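The values are calculated or read from the model by the stated rules, or taken from the named source; none is laboratory data. Here the structure is a predicted model, which is why all the values come from computation and not from measurement. We place every Cβ from the backbone using ideal geometry, glycine too, and count neighbours over all the protein chains shown. Ligands, DNA and RNA are excluded from the accessible area calculation, which covers all protein heavy atoms including side chains. Shrake-Rupley method; radii C 1.70, N 1.55, O 1.52, S 1.80 Å.
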Amino acid sequence: MPEAPTYNAYLEVDQRGRWLASILDLAGCYADGASEPEALGALKVALPAYFAWLRGHDDYTPEVHGPWQVVPCETFRTSMLGDHQVHAFFTLDAQPVDDEELDWALALLQWAHEDLVALVRSVPPSLLEQRSAIDAWSAADALRHLARTQLWYVSLLDDPPGAPGVEPSGDDPIVRYQQAHGVSMRRLRAASDQQRTAIHEHAGERWSLRKVLRRSVWHVRDHTTQIERIMRG
């Protein structure tokens, strides 16, 4: 019997004791839990859905079957610096990004974006502003947050942070998010050789292009899950 594939899990734990487990080699594959074992167990369960998501967008993704092993690799405890939460800069985040890696990360970000837009376009506009009793967010709130954050992410490619480009306009949260996504994709695709290797520190947090890419894919997929939850009421 072939040995089960093993994936390294990178863990963040916040001030509330919530754990986020991610596989950095599979950008956007993540799970959370109230403890390290719970988050690792949820990450292992999340793998089949992640590979199914890839196959839904990419004809070249092979059928991948478990079982899998997930082992903790690095753990980072987030902290607050004023109003800013300092997130992890893992060892892998320091590695330069080559053309193939950039193309793949942008493909993942585009697929996550398309899924989100399809989701919010499938419901009546009036429901976008309806707030959830669970976390007090509406789908429109999540879209506005995504638009702001994605533009902030790409500004972090420069030191000091630069202007992201054309700011989104209009009141439609879907259109604003789509505009921000377009700006972000153009900035990321045009990353210079210097930006692909640089590591900057902003507000007490370290950033690199690799970190911007992984955080971007995770962020869109995470808020897509949140919006699905809001739509279910």
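Which shape class, rounded, prolate or oblate, goes with the range 91-206 when its Cα gyration tensor gives a ≥ b ≥ c as root eigenvalues, a/c under 1.5 marks rounded, and past that a/b bigger than b/c marks prolate?
On the way: a/c = 2.12, a/b = 1.85, b/c = 1.15.
Verdict is prolate for the range 91-206.
Ordering 22, 184, 122 by how much accessible area each has at a 1.4 Å probe, largest first, what is the list? If you can, show how the numbers build up before the last one.
Details: 22 25, 184 0, 122 80 Å².
The ordering from most to least exposed comes out as 122, 22, 184.
Using helices alone, what [θ] at 222 nm do you get for the chain, with -39,500 (n - 2.57) per DSSP H run of 4 or more residues, divided over all residues and rounded to the nearest 500?
Details: 7 runs with 111 residues, N = 233.
Calculated mean residue ellipticity at 222 nm is -16000 deg cm²/dmol.
Once you have the alpha carbon radius of gyration of the range 96-151, what is it after dividing by 2.2 N^0.38 Å, with N set to its residue count?
Values: Rg = 14.7 Å, N = 56, 2.2 N^0.38 = 10.2 Å.
Its radius of gyration relative to the 2.2 N^0.38 Å reference: 1.45.
For the full complex of protein chains and a 1.4 angstrom probe, list 44, 211 by accessible area with the highest value first.
On the way: 44 85, 211 0 Å².
My answer, sorted largest first, is 44, 211.
Leaving out ligands and nucleic acids, note down the accessible area per residue over the chain with a 1.4 angstrom probe, in whole Å². Don't jump to the answer; show the numbers that get you there.
Values: 11800 Å² over 233 residues.
Per residue, the chain has 51 Å² of solvent-accessible surface.
Quick one: if you take sqrt(5λ) for each eigenvalue of the C-alpha gyration tensor of the chain, what semi-axes come out, biggest first, whole angstrom?
Working: eigenvalues 132, 106, 75 Å².
Square roots of five times the eigenvalues give 26, 23, 19 Å.
Filter the GluC sites (Glu not before Pro) in the range 25-81 to those in DSSP coil with at most 14 other Cβ atoms within 10 Å of their Cβ, and list the result. Intermediate values should be presented prior to the final figure.
Numbers: sites: 38, 63, 74; in loops: 63.
Listed in order of number, the matching sites are 63.
In the chain, carbon and sulfur make up what percent of the accessible area (probe 1.4 Å)?
Details: 6220 of 11800 Å².
Summing carbon and sulfur atoms, their accessible area is 53 percent of the total for the chain.
With a ≥ b ≥ c taken as the square roots of the eigenvalues of the C-alpha gyration tensor of the range 194-233, please select rounded if a/c is under 1.5 and otherwise prolate if a/b is larger than b/c or oblate if it is not? Show your work: numbers first, answer last.
On the way: a/c = 6.99, a/b = 2.75, b/c = 2.54.
Note, shape of the range 194-233 comes out prolate.
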